[in-house]
Each structure stands twice: as structure tokens, then as C-alpha cells.
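First up is the structure itself, then whatever we jot down about it.
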Amino acid sequence: MSLSPTQLADLNLAIVDRHVLELRDIEAARARIADRTYGACVDCGDDIAPERLRAWPTAKRCHACQQQRERTFSHEGTPRL
């Protein structure tokens, strides 16, 4: 199966978009480090578990708040090709 030029362009844009979002997450984490809020959940203010930060260093929410966000906003941003 080969992709059409349009599908390939869409795929390339999706990849670039993902990289841009990752860079924004890194910059946001660096800003939280600078203002000493890194490791605190942006929603509830509780500490984010160190295991979660080791697995996902740019995490901005604790596990409970992230699960709630995913349940609430699961329909948004669903990629389609």
C-alpha cells in the first residue's frame, strides 16, 4: 500500500505538528523549573509523582487530573488521515 501525495503531505504535517507540540511542552517544563512550579500539578496543585516525572518529564498534571482531562477531552484532537 502506498500513500497518495496528499496523504503523504498530511502525514508529514502531522509529524511536524507533533514535534512542535513536544518542543512547546519542553519549553513549558523549563519555564516551570525556572519559576519553581515544576512537579506541581497545574490543575490541583498537588505534587506529581516522581515516577511519573521520570517517565514523562514534561508532565504538567498528576495522574488523577490527567485521567480526568483525558476523559473530558478525549474527543478533541483525534487525528484523522
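Numbers below:
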| read-out | value |
| --- | --- |
| Count of the range 41-64 residues which are of a type in the set (Gly, Ala, Ser) and either in contact with a helix residue (DSSP H, G or I) (Cβ under 8 Å, 6 or more places away or on another chain) or touching a residue at least 12 places away in the same chain (Cβ under 8 Å) (or both) | 3 |
| All positions within the range 48-70 that are of a type in the set (Asp, Glu) and at pLDDT 95 or above | Glu51 |
| Members of the range 9-57 found to be touching a Ser or Thr at 6+ places or on another chain (Cβ under 9 Å) and of a type in the set (A, V, I, L, M), listed by number | Ile26, Ala28, Ala29, Ala31 |
| All positions within the range 26-58 that are basic (Lys, Arg) and in a helix (DSSP H, G or I) | Arg30, Arg32, Arg52, Arg54 |
| Set Gly45, Gly39: member being surrounded by fewer than 11 Cβ atoms within 10 Å (Cβ to Cβ), modelled with pLDDT of 95 or more and small (Gly, Ala, Ser) | Gly45 |
| Test: residue in the range 59-77 that is at positive phi, surrounded by fewer than 10 Cβ atoms within 10 Å (Cβ to Cβ), more than 15 Å from the chain's Cα centre (by Cα) and not in a helix (DSSP H, G or I) | no |
| Single residue of Leu8, Leu23 found to be of a type outside the set (Asp, Glu), outside any loop (DSSP other than H, G, I, E, B) and modelled with pLDDT of 95 or more | Leu23 |
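The values are calculated or read from the model by the stated rules, or taken from the named source; none is laboratory data. Since this is a predicted model, take the numbers as computed values, not measurements. Positions of Cβ are backbone-derived with ideal geometry, glycine not excepted, and every protein chain shown enters the neighbour counts.
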